[in-house]
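Peer 1: Supplied in structure tokens, the structure appears directly below.
Each reported figure results from applying straightforward, stated rules to the coordinates on display, with no laboratory input. Being a predicted model, the structure only gives us computed values, none of them experimental. For neighbour counting, all protein chains shown are included, and Cβ atoms are generated from backbone atoms with ideal geometry for every residue, glycine included.
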Amino acid sequence: PGVNGSNPTASSLTVSPEGTTVISTEEMWETLAPVTVQGGSLRTCSFDEDVQRVEVFLKTEGRPLNANVELWQGPDNSPQKMSIYLEDGSLRPFRATVESPGSSNAIAIRNTGQMEFPLTAGVEADFGGSTSTGSPSDILSASSTYRTIEGGAV
């Protein structure tokens, strides 16, 4: 399926430590091999134990996006599930990083919308290792200042 990479409003940026390049969601779509997930259907992507985290990208062509994304880890674990709803999947595409340590992992993307509302999905694996800039939680921790908030202070 064709992916429109010229949408100037789809410019969500990744958080990265100083000295590294920040890549927009729009730029990431240009490097993916996306698939179309019709309404009511399921697509899965399996990967091996070398993958430390997976980035999931979802968008539509200006229509509502309604989907479930699940991480299946091993045969005996309960899946971790995210429910996603967007009014306009072209204006605000979905992008999430899912940590996936361990073995025999799979990502499941289920389009819970009607058949008239297909979505485009892409998955990118991060193998980590010595060239990795760290996990997203490490990056956010390094770039954030800590603040204690006591009850009623917000």
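Peer 1: Go through the range 26-129 and name the chymotrypsin sites (Phe, Trp or Tyr not before Pro) that are in a DSSP coil and have 12 or fewer other Cβ atoms within 10 Å of their Cβ.
Peer 2: Here the chymotrypsin sites (Phe, Trp or Tyr not before Pro) that fit, given the DSSP loop and packing criteria, are F127.
Peer 1: According to a simple spin-label model (label point 7 Å from Cα along Cα-to-Cβ), what is the distance in nm between S24 and Q80?
Peer 2: Taking the two extended label points, one gets 2.9 nm.
Peer 1: Spelling out what I want: for every residue of the range 72-80, take phi, set θ = phi - 60°, compute 6.51 cos²θ - 1.76 cosθ + 1.60 (Karplus), and round to whole Hz; glycine and proline get x.
Peer 2: So the Karplus estimates, Gly and Pro as x, are 9, 10, x, x, 10, 9, 6, x, 8 Hz.
Peer 1: Next up: Within the range 39-100, which GluC sites (Glu not before Pro) sit in a loop by DSSP and count at most 12 neighbouring Cβ atoms inside 10 Å?
Peer 2: E49, E87
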